[in-house]
Amino acid sequence: MKKSSLWSLRLGFSGKQTSAIEKLGLEKFLKQSYNSKFDTALPDFLQDQPKTTLELKQIREIIKTSDPETKKEIQKKENQATAEFKKWWIAKMRNDEFPLRENMVCFWHNHFVSTSQKVKINYWIYQHNMILRENAFGNFKELTKQVLKSNAMVRYLDNGDNKKGKVNENLSRELLELFTIGIGNYTENDIKNGAKALAGLNVGDEGAVYRKNIEDNSDKIYFGKTGNWKADDLVDIIFEQKNIPYLITRKILKWFIYDNPPEDLVTYYGDYFRKKNFEIQPLLTKIFTEEYAKENSGNKIKDPLVYIIQLIDELEVKDFDDAMIALFLRQQGMDLYNQVNVKGWDGGNSWLTSQIYLQRNNTSDLLCSGRSISKKVLNTMTGEDEKPKIEFDKIDVKIDFDSNGNNKTIIAQLSNRLLFDVNDSMQKDMENLLKYDFDPKEVHANFAVIRLFNYITKLPEYQLI
């Protein structure tokens, strides 16, 4: 696989950025990614959704006194907004000229997990998502402070139940275990005293605020320091600890390059991260430029986002419904805004169970044969004996190949952009599909190359980048 194709898949979600990486060079491509603009206007689907605590109270009162039909209508409206929210984000991933920002938003979304199923308020999830977008390449410490005081996180980790004299440790524990320093680098007393420092931090109109009547203003000992600590103080103290850079550096390496990051690289990049005062942009630049120079393809299983967006882009499908991408992701275990637990998606081998592999192959079969996927189709993709027996919408599919080439040059062309490795057996199979007498100018040549592409998408090697 060409390096530009490989890193287009790693930094974005498909091969669309290949030519930009080749034209600009990686460093300029990264700079333009960091400088990319994004829309900060509130999306239309959230305009009528409750935003302030007063509006939420009013909605609750309406639900209490409403008949079943009205309650059902309110819930339907909420569900529609949630579905539109997923489509809104997927469209950004697919259409941004420099999608690295959205890839980083997705990374942070899986690091600072906060699910719509638990939070329930779409506007709070949107606020959380925008914090991640605005700070995607910023400072890790400042991002942690903002997320810690977001309504979504306070609701998701039950800090509304954390009060002076009756603490809830959820937010305090995950701040240490999953968000910053990791297991083995703190004590149970740090968790308990951190919870006291966070007591009374509850949802507000634009972000979480302390409620004076339930906050704890006593002195607490946190990592050996004594004071009347609050949320920002906790983060400042955590970021003074020796092992702070390594958990996040390991997760970045895993998200982009290695399912099992070598520990020497975790330490090497982590130490650099500390020297740069936890600025994310220089860390990413160092990781990407140094890893780009190495031969390290095939060390990471494609996540479902990369798999489906690459498939759609390679087949040049027009006007593909982003709602179907959202549904495909849910079936593959990558439901946006709805991770199974606070640890987030595991990645790695969990992206290639036998059922997920089968669903991927069935989806490729459908699209390569010019049939669209729908909710009904995807809901029947549960086993080999349960292939959907329904009507399909037809779609136009085509694939980019050199119409002046021959079977071997076209096979090489597809291999170079799709496969990290090709062995003799695979080469032989591909030459049997696209035979020596193949005429690339023949009227049905596109279909023959799509059959070759369909074969490639089912190879284990295609699942790796």
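Listed residues Glu295, Glu290; which is farther than 29 Å from Ile191 by Cα, in a loop (DSSP other than H, G, I, E, B), open to solvent by 10 Å² or more (accessible area, probe 1.4 Å) and free of Cβ contacts under 8 Å to residues at least 12 places away in the same chain?
Step by step, each of Glu295, Glu290 is checked, and only Glu295 is farther than 29 Å from Ile191 by Cα, in a loop (DSSP other than H, G, I, E, B), open to solvent by 10 Å² or more (accessible area, probe 1.4 Å) and free of Cβ contacts under 8 Å to residues at least 12 places away in the same chain.
Taking segment 170-219 as the search range and keeping residues that are touching a helix residue (DSSP H, G or I) at 6+ places or on another chain (Cβ under 8 Å) and among the hydroxyl-bearing types (Ser, Thr, Tyr), which one is nearest to Asp158 (Cα to Cα)?
If we take residues in segment 170-219 being touching a helix residue (DSSP H, G or I) at 6+ places or on another chain (Cβ under 8 Å) and among the hydroxyl-bearing types (Ser, Thr, Tyr), then Ser172 is nearest to Asp158 (Cα to Cα).
On the basis of being β-branched (Val, Ile, Thr), out of contact with any helix residue (DSSP H, G or I) (no Cβ under 8 Å at 6 or more places or on another chain) and modelled with pLDDT of 95 or more, does Thr363 make the cut?
When the stated conditions are applied, Thr363 does not pass them.
Taking the criterion of being crowded, with 21+ Cβ neighbours inside 10 Å, among the β-branched types (Val, Ile, Thr) and closer than 25 Å to Ile287 by Cβ, would at least one residue in segment 118-136 satisfy it?
yes
Considering only residues of segment 226-267 that are surrounded by 15 or more Cβ atoms within 10 Å (Cβ to Cβ) and free of Cβ contacts under 8 Å to residues at least 24 places away in the same chain, which is nearest to Lys300 (Cα to Cα)?
Among those that are surrounded by 15 or more Cβ atoms within 10 Å (Cβ to Cβ) and free of Cβ contacts under 8 Å to residues at least 24 places away in the same chain, it is Pro261.
Within segment 450-457, can one find any residue that is in contact with a helix residue (DSSP H, G or I) (Cβ under 9 Å, 6 or more places away or on another chain), farther than 26 Å from Leu352 by Cα and open to solvent by less than 70 Å² (accessible area, probe 1.4 Å)?
Checked segment 450-457: no residue is in contact with a helix residue (DSSP H, G or I) (Cβ under 9 Å, 6 or more places away or on another chain), farther than 26 Å from Leu352 by Cα and open to solvent by less than 70 Å² (accessible area, probe 1.4 Å).
Restricting attention to segment 420-439, report how many residues are under 18 Å from Met1 (Cα atoms) and among the hydroxyl-bearing types (Ser, Thr, Tyr).
Selection size over segment 420-439: 1.
Which of the residues that make up segment 421-449 are farther than 24 Å from Val397 by Cβ, in contact (Cβ under 8 Å) with a residue 12 or more places away in the chain and open to solvent by less than 100 Å² (accessible area, probe 1.4 Å)?
The answer is Asp421, Gln427.
Mind checking which residues of segment 268-283 are buried (at least 21 other Cβ atoms within 10 Å of the Cβ) and within 20 Å of the chain's Cα centre (by Cα)?
Ile280, Leu283
If we scan segment 215-225, do we find a residue that is among the basic types (Lys, Arg) and either touching a Lys or Arg at 6+ places or on another chain (Cβ under 8 Å) or surrounded by 20 or more Cβ atoms within 10 Å (Cβ to Cβ) (or both)?
Yes: segment 215-225 contains one or more residues that are among the basic types (Lys, Arg) and either touching a Lys or Arg at 6+ places or on another chain (Cβ under 8 Å) or surrounded by 20 or more Cβ atoms within 10 Å (Cβ to Cβ) (or both).
How many residues does segment 56-102 hold that are open to solvent by 10 Å² or more (accessible area, probe 1.4 Å) and under 13 Å from the mean Cα position of the chain (by Cα)?
4
Tell me, please, whether a residue that is open to solvent by less than 30 Å² (accessible area, probe 1.4 Å), at pLDDT 95 or above and not hydroxyl-bearing (Ser, Thr, Tyr) can be found in segment 28-35.
So far as segment 28-35 goes, yes, one or more of its residues are open to solvent by less than 30 Å² (accessible area, probe 1.4 Å), at pLDDT 95 or above and not hydroxyl-bearing (Ser, Thr, Tyr).
What residue, among those in segment 391-420 that are small (Gly, Ala, Ser) and within 25 Å of Val306 (Cβ to Cβ), is most open to solvent (accessible area, probe 1.4 Å)?
Among residues in segment 391-420 that are small (Gly, Ala, Ser) and within 25 Å of Val306 (Cβ to Cβ), the one most open to solvent (accessible area, probe 1.4 Å) is Ala412.
Of the residues that sit in segment 304-357 and are assigned to a helix (DSSP H, G or I), among the hydroxyl-bearing types (Ser, Thr, Tyr) and open to solvent by 10 Å² or more (accessible area, probe 1.4 Å), which one is nearest to Ile395 (Cα to Cα)?
Of everything passing the filter in segment 304-357, Tyr357 is nearest to Ile395 (Cα to Cα).
The values are calculated or read from the model by the stated rules, or taken from the named source; none is laboratory data. Remember, predicted model here, so these are calculated numbers, not experimental data. A quick note on method: Cβ atoms are made from the backbone with ideal geometry, for glycine too, and the neighbour counts reach across all protein chains shown. Surface areas here come from the heavy atoms of the whole protein model, side chains and all, with no ligands, DNA or RNA. Shrake-Rupley method; radii C 1.70, N 1.55, O 1.52, S 1.80 Å.
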